[in-house]
Amino acid sequence: MTLQHPAERGGERRGRFERMAETASNVTSSPAFYGFCMLLVVAFIVVHLTPVPVVWMIFVGDMMAAVSLLLLALLKNTERRAEHALQRKLDAIAAVLLEQNEGGSQKAHENLRTAIRMERDV
């Protein structure tokens, strides 16, 4: 386990967790996953309204808790990566503005171009 920011782990290359988180984010934002969650909620309601064994109530409740925990972790990872990408873009814009004000080189412009294209990588 590492305490580094998710976007800074592994340098410029994305690791397995980042790729898995991106794929999971795409899956969880799909209509199919929304349908699955709706079925889980309906199952939760049905199990609690019908006389079924307590084991089934516990199982459905545990499934809802597990899905909620996984979605929370995924949401936090996605939020941190987006926050890091936004901060890098803002830093690049600030550097370009300072460079233009001081009449420096064009290095900040290249960094800005790189940062703007960064959403594909983060």
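Every number here is computed from the coordinates shown, using simple stated rules; none is lab data. These numbers come from a predicted model, not from an experiment. Cβ sites come from the backbone with ideal geometry, for glycine too, and all protein chains shown count toward neighbours.
Descriptive notes on the structure:
- 3J(HN,Hα) along segment 73-86, derived from phi through the Karplus expression 6.51 cos²θ - 1.76 cosθ + 1.60 where θ = phi - 60°, amounts to 5, 5, 4, 5, 5, 5, 4, 5, 5, 5, 4, 5, 4, 5 Hz, with x in place of Gly and Pro.
- Note on Glu102 and Leu39: the model spin-label points, each 7 Å out from Cα along the C-beta direction, lie 5.9 nm apart.
- In segment 16-120, the C-alpha radius of gyration followed by the widest Cα-Cα span (Dmax) gives 22.6, 77 angstrom.
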